[in-house]
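Asks: The structure follows.
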Amino acid sequence: MSPEKLVRMANQIATFFASQPGTDQAERVAAHLKDFWGPEMRSELKSYVAAGHGGDVDELVVRALPLI
Amino acid sequence: MRDFVIPTDDRDMGTPAKVGAPVTLSIDGIEVTVPEGTSVMRAAAEAGIQVPKLCATDSVEAFGSCRLCVVEIEGRRGTPASCTTPVAEGMVVHTQAEKVKKVRKGVMELYISDHPLDCLTCAANGDCELQDMAGVVGLRDVRYEAPPEAPLANHFAARDTSGEANPEWLPKDTSNPYFTYDPSKCIVCSRCVRACEEVQGTFALTIEGRGFDSRVSAGGPGDDFLSSDCVSCGACVQACPTATLQEKSVIELGTPTRSVVTTCAYCGVGCSFKAELNGDELVRMVPYKHGKANRGHSCVKGRFAWGYANHAERILNPMIRETIDEPWREVSWEEALSFAAGRLKRIQERHGRKSVGVITSSRCTNEETYLVQKLTRAVFGNNNTDTCARVCHSPTGYGLGQTFGTSAGTQDFDSVMAADVVVVIGANPTDGHPVFASRLKKRLREGAKLIVIDPRRIDLVKSAHVEAAHHLPLRPGTNVAVVTALAHVIVTEKLYDEAFIRDRCDWDEFEEYAEFVSDLRHSPEMTEMQTGVPAEELRAAARLYATGGNGAIYYGLGVTEHSQGSTTVMGIANLAMLTGNIGRDGVGVNPLRGQNNVQGSCDMGSFPHELPGYRHVKNADVRAIFENAWGVEIDPEPGLRIPNMLDAAVAGQFKGLYCQGEDILQSDPDTKHVAAGLAAMECVIVHDLFLNETANYAHVFLPGSTFLEKDGTFTNAERRINRVRKVMAPRNGYADWEITQMLARAMGADWHYTHPAQIMEEIAATTPSFAGVTYDLLEDVGSVQWPCNEATPEGSPIMHVDGFVRGKGRLMITEYVATDERTGPRFPLLLTTGRILSQYNVGAQTRRTANTVWHQEDVLEVHPHDAELRGIKEGDWVRLASRSGETALRATLTDRVSPGVVYTTFHHPGTQANVITTDYSDWATNCPEYKVTAVQVSLSNGPTDWQKDYAAQAERARRVLPAAE
Ligand code: SF4
Ligand code: SF4
Ligand code: SF4
Ligand code: FES
């Protein structure tokens, strides 16, 4: 799947949880990705970020990725 | 099991039921107790006595014009009409006193003297109340004779014996495609006029003229039924006691002799119908009086638009082809299924277990949907299942799940009759959910207030005898800002229901939420610039909802199909919790579901992350239930959603799809991307009635059955599980559940269901909210609303009564985030999409009925101001372009849309509105953002090259080789 699309979708999720109260936003982004994204999509996003293309990825997503 | 249900008590009780204190009276020596306010006529009917009547029927209030229903009441003078006389304690009524019998004969004689006595060849022969009443009152002769100086003082003879034309005679009006109006048979009882007003709420009919000259008239002078405001709901036809308003199908085929109660297969209202037949020939569909969703009403689709079942283009034999550029080859079921199974297995061997998947149908039954998701989870061995709810109400599932704990509307439809303030957000009920709209309008005429939040001035904003108190015409895409601003007003003006929040929600969460919404940036004055909604109007609407009594919210796809669809749903739930409008009659949060079984298809585990009953696949205990029932291991990871399947297909990872009753190529956004995904697959199996657009990319076509040809259940928007009953044998040979079973067996599964009731048993055994549902229960009580289990054995009309499903209700922070889809110099207008009454979704069925007289093509609504800037006139062809693609259609100029906004429907494949829509989607669920696309509109000469190429490709892809001899 195109990485741009995965990043856009992940960033949208992060934008929502960033607006939520509390200190567990990264956990909640991770939980959402685990609940709704298939494992292939998650690992594609992970390898995209691991390969150093993190620039366009929301910081909250970057923090969530190790949790999934 | 009884397959055919002949309704036991389908009698016309004469006048509507009332509620009130009990009143006891005596009728012909029989003691009967009825609620206060009941008519003497209805009380008699309760006692088993039918008082003769013509102008009364129990769908409308009595009018008292025919005087056939007169009775004698001891201690009262004269002969009062029983339909308009309310009961009183101790009343003694005689229905067959000598003087009333005489009055009745006189009345009948007058009627019959002006009626053509061609009963034997009349379409209503045997189904005519005038005939019946003439019989009941014992009319034996008609003594009236026309005076010699005016031999044509009648309405029924076109000419007199000398050939002179009769000025009183009017020709039949056959303009409506489904029924005729024959003035020569009219007895001017006004039942039709009252039905159109009271039941349907359209006010299309009037009685023109007085006395002998009075006539039923549709619309204004010069109008016929088709050109009038009539929406062809059939309520007047149903109410008419004679052949004056008569279904064309009955005229053609004769009066039906048997009936089967079943459920409409069009929209989420889920109306109950009596399918009336002779043998296995369907003659008409009549709304079923005891249907709890529709209470005897219907719309043009369910009532009349069933002809597609016999349309010439319906495919009845399975077909296959090696590649999609070949013509189709008709083959046997065995060959088609082994071809399909062979390909799917080969794909899985080469590309892995997860390289195939299914799409379940929101038009098929619960049982069929359950089997399709079972096919992928138990036979393919993955969770790649999705359904068209992805593109409509998936945000409802997520949003209501987060806030209330379960994904469903909170009320039954009856509840609207107890609402004081109704908020309609992003929905157009008069077109999308017409029978619900009729009830809503009835309630509004009784005095309830209406708030409409929609970019367009939908019909409800102002129509006959209905006017919205507030219309908030927001800019498409700003729902969250508007809903949060409403909450801002409610919280900052302290209009919230503190007792309810303390009791039913978490107070700390409320305080956090209150702080968030109280921020000045959410005030109507600050958001007005973004949303275009005048601040004062928004404040007034918020105050009305919070303080106007029972507040009920109904919303549709204008809420969900946005990049913040899920957030808006949560915002709506917040409003209901803040104001305590949840958990009782007359309030609630109600998603208006699009397709007939979209609720059911979600309930049945069609989503890739959820097993039936909305339970996540990650939960080992839930998986264990199904693992035990099915004897397989279930993948604990969520599968692919429709857009993900297509993306994965383009990337070469997803190769095979079984798509039941769903046309993703037409209904899903960004057509070119969908086409590319489908074209990249090696085995696309389309299971449908017609060669739909998706079938252009299919390798296997399995012909489907219509709702008339199978047993099962549909679940409507109020969670009501209604029976679908087999009315005739499937013309394609098998019901859809049988076909899915055959495919599963061809793949090696050991399935052997012999009736859908067994599938329901399996659903009940595995899914707690369905635990009490059986076909026997449905036979007994008609329908039930889930949850139906030990605690609620007859179902649950209203949810969250004593507490939320999730425990405490959860107020969620709803920050507005503008969509990435923005207007700019290249695409300065916002396109939003919707639907109209006569057509249904992608139109596969309705386009194949006479409903096309109302909507031959999709048109683009443009505000006159935007049109003038571009030199566009009414009816011009225009080019509609977005960054995804372009199409062409005709324009119509209207101020229903605000300047800067254009609107179209998506019922016709030629229009290809989804070539324009983008692949942006809801953040939580990937529900596509259909309701906002930045576009440009300009004059054009006709269809675009893409439309022409597409039509040519579709033409090629639909070739079928003649069957080998
Ligand atoms: S069909 Fe419905 S809308 Fe049309 S005239 Fe009859 S009742 Fe009114
Ligand atoms: S058309 Fe039928 S219902 Fe209407 S006034 Fe005439 S007879 Fe009565
Ligand atoms: S389409 Fe909807 S409103 Fe119309 S008859 Fe069918 S279920 Fe009822
Ligand atoms: S039925 Fe009562 S007056 Fe006509």
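Asks: Tally up the carbon and sulfur contribution to the accessible surface of the range B:3-136 as a whole percent, 1.4 Å probe, everything protein left in place.
Replies: Carbon-and-sulfur percentage of accessible area, whole number: 55.
Asks: Could I ask something else about it? So how do B:249-255, B:472-478 stack up, highest first, on mean other-Cβ count within 10 Å?
Replies: B:472-478, B:249-255
Asks: Mind giving me the FRET efficiency for B:Leu495 and B:Arg826? R0 is 35 Å, r the Cβ-Cβ distance, nearest 0.05 is fine.
Replies: Efficiency computed from Cβ-Cβ geometry: 0.20.
Asks: For chain B, what is the accessible area per residue in Å² when the probe is 1.4 Å?
Replies: 35 Å²
Asks: What spacing in nm lies between the two simple spin-label points modelled at B:Thr792 and A:Ile68, each 7 Å away from Cα in the Cβ direction?
Replies: 3.4 nm
Asks: Let me have the 222 nm mean residue ellipticity of chain A computed from DSSP H runs of 4+ only, each contributing -39500 (n - 2.57), with the sum over all residues rounded to the nearest 500.
Replies: -20500 deg cm²/dmol
Asks: Also, quick follow-up: Just which residues of the range A:1-25 lose 40 Å² or more accessible area with every protein chain there, against their chain alone, with the probe set to 1.4 Å?
Replies: Hits at the 40 Å² cut-off: A:Met1, A:Lys5, A:Arg8, A:Met9, A:Gln12, A:Phe16, A:Ser19, A:Pro21.
Asks: Okay, next question. Go through B:598-605, B:732-739 and give me the packing order, highest mean Cβ count within 10 Å leading.
Replies: Per-residue mean Cβ counts within 10 Å order the peptides as B:598-605, B:732-739.
Asks: To continue, here is another question. To check you understand DSSP bridge types, tell me what percent of the beta bridges within the protein assembly as shown (both residues inside) are antiparallel, rounded to 5.
Replies: That works out to approximately 60 percent antiparallel.
Asks: Let me ask another. Take every residue in peptide B:811-818, count the Cβ atoms of other chains within 10 Å of its Cβ, and give the average of those counts.
Replies: If you average over the peptide's residues, the count of other-chain Cβ atoms is 3.
Asks: Over the whole of A:30-38, what's the average partner chain Cβ count within 10 Å per residue? Rounded to a whole number, please.
Replies: Per residue, the average neighbour count from other chains is 6.
Asks: Take the cross-link list B:Lys18/B:Lys289; A:Lys5/A:Lys46; B:Lys672/B:Lys931; B:Lys292/B:Lys710 and give me the ones stretching past 20 Å between alpha-carbons.
Replies: Beyond 20 Å between Cα atoms: B:Lys292/B:Lys710.
Asks: Dividing the convex hull volume of the alpha carbon atoms of the range B:829-957 by its residue count, what do you get in Å³ per residue? Display every interim value, and only then the final one.
Replies: Details: hull volume 16.0 nm³, N = 129.
So the per-residue Cα hull volume is 124 Å³.
Asks: Let me ask something additional. Which value, in Å³ per residue, describes the convex hull spanned by the Cα atoms of the range A:3-67?
Replies: It comes to 72 Å³ per residue, whole-number rounded.
Asks: If you find the alpha carbon centre of the range B:264-291 and of the range B:724-791, how far apart are they in angstrom?
Replies: 20 Å
Asks: Right, here's the next one. Pull up the DSSP beta bridges for chain B and report the antiparallel fraction as a percent, rounded to 5.
Replies: Counting only bridges with both partners in chain B, antiparallel ones make up about 60 percent.
Asks: A follow-up question, please. If you find the alpha carbon centre of the range A:9-55 and of the range B:85-120, how far apart are they in angstrom?
Replies: So the two Cα centres are separated by 76 Å.
Asks: Run the numbers for B:Asp280 and B:Asn310: contour at 0.36 nm per residue of separation, minus the present Cα-Cα distance, in nm.
Replies: So the chain would gain 9.5 nm between B:Asp280 and B:Asn310.
Asks: Let me ask you something else. With a 1.4 Å probe on protein heavy atoms only, tell me which residues of the range B:923-938 lose at least 40 Å² of accessible surface in the complex relative to the chain by itself.
Replies: By number: B:Trp923.
Asks: I want to check the label-to-label distance for B:Ala679 and B:Arg215. Put each point 7 Å from Cα in the C-beta direction and report it in nm to one decimal.
Replies: 5.9 nm
Asks: Using only the Cα atoms of the protein assembly as shown, what do you get for the radius of gyration and for Dmax, in Å?
Replies: 29.9, 104
Asks: Hey, another quick one. Per residue in the range B:643-658, which ones lose no less than 50 Å² of accessible surface when going from chain alone to all protein chains (1.4 Å probe)?
Replies: The answer is B:Asp647.
Asks: Right, something else. Express in nm, to one decimal, how much length is gained between B:Arg140 and B:Arg959 on full extension, taking 0.36 nm for each residue of separation and deducting their alpha carbon distance. Intermediate values should be presented prior to the final figure.
Replies: Numbers: separation 819, 0.36 × 819 = 294.84 nm, distance 6.47 nm.
Working it through step by step, the gained length comes to 288.4 nm.
Asks: Keeping every protein chain present and rolling a 1.4 Å probe, give me the accessible area per residue for chain A in Å².
Replies: Value for chain A: 42 Å² per residue.
Asks: Cα to Cα, under 18 Å, and not fewer than 8 places away if on the same chain: which aspartates and glutamates meet these conditions relative to B:Lys948?
Replies: Partners found: B:Asp325, B:Asp670, B:Glu693, B:Glu857, B:Asp858, B:Glu886.
Asks: Using protein chains only and a probe of 1.4 angstrom, how many square angstrom of B:Phe380 are accessible, to the nearest 10?
Replies: 10 Å²
Asks: Leaving out ligands, DNA and RNA, calculate the buried accessible area for the pair A and B with a 1.4 Å probe, summed over both sides, in Å² to the nearest 100.
Replies: Details: alone 4080 and 35110 Å², together 36860 Å².
Buried: approximately 2300 Å² between B and A.
Asks: Quick check on chain B: helices-only [θ] at 222 nm, where DSSP H runs of length 4 and up contribute -39,500 (n - 2.57) each and the sum goes over total residues. Nearest 500, please.
Replies: -8000 deg cm²/dmol
Asks: Leaving ligands, DNA and RNA out of it, report the carbon-plus-sulfur percent of the accessible area of chain A at a 1.4 Å probe.
Replies: 57 percent
Asks: Relative to the compact-globule scaling 2.2 N^0.38 Å, provide the ratio for the alpha-carbon radius of gyration of the range B:396-591.
Replies: Relative to the 2.2 N^0.38 Å estimate, the range B:396-591 comes out at 0.93.
Asks: Please give the contour-minus-distance gain from B:Asp224 to B:Thr206: 0.36 nm per residue of separation, less the Cα-Cα distance, rounded to one decimal in nm.
Replies: Values: separation 18, 0.36 × 18 = 6.48 nm, distance 1.25 nm.
Separation in residues times 0.36 nm, less the Cα-Cα distance, equals 5.2 nm.
Asks: From the phi of every residue in the range B:580-592, what ³J(HN,Hα) in whole Hz does the Karplus formula 6.51 cos²θ - 1.76 cosθ + 1.60 yield, where θ is phi - 60° and glycine or proline is x?
Replies: Values, residue by residue: x, 8, 7, x, 8, 5, x, 10, x, 10, 10, x, 8 Hz.
Asks: Hey, another quick one. Only bridges whose two residues both fall in the range B:633-721 count here: according to DSSP, what percent of them are antiparallel, nearest 5?
Replies: About 10 percent, rounded to the nearest 5.
Asks: Can you give me the C-alpha center-to-center distance between the range B:857-898 and the range B:531-558, rounded to a whole angstrom?
Replies: Centre-to-centre (Cα) distance: 30 Å.
Asks: Can you give the accessible area of A:Asp24, probe radius 1.4 Å, in Å² rounded to 10?
Replies: Estimated to the nearest 10 Å², A:Asp24 gives 60 Å².
Asks: Can you tell me what the convex hull of the Cα atoms of the range B:640-732 projects to on average, as an area in nm²?
Replies: With the hull built on Cα positions only, its mean projection is 6.9 nm².
Asks: With a 1.4 Å probe and all protein chains kept in place, how do B:Glu794, B:Glu208 rank by accessible area, largest first?
Replies: Reading off the accessible areas and sorting them downward yields B:Glu794, B:Glu208.
Asks: Could I ask something else about it? Which aspartates and glutamates have a Cα lying under 12 Å from the Cα of B:Lys53, excluding residues fewer than 8 positions away in the same chain?
Replies: Candidates past the 8-residue exclusion: B:Asp12, B:Glu129, B:Asp132.
The values are calculated or read from the model by the stated rules, or taken from the named source; none is laboratory data. Since the structure is predicted, the reported quantities are computational estimates derived from the model, not experimental observations. All Cβ positions, even for glycine, are placed from backbone atoms using ideal geometry, and neighbour counts span all protein chains on display. Heads up: the accessible areas ignore ligands, DNA and RNA and are worked out on the full protein's heavy atoms, side chains in. Shrake-Rupley method; radii C 1.70, N 1.55, O 1.52, S 1.80 Å.
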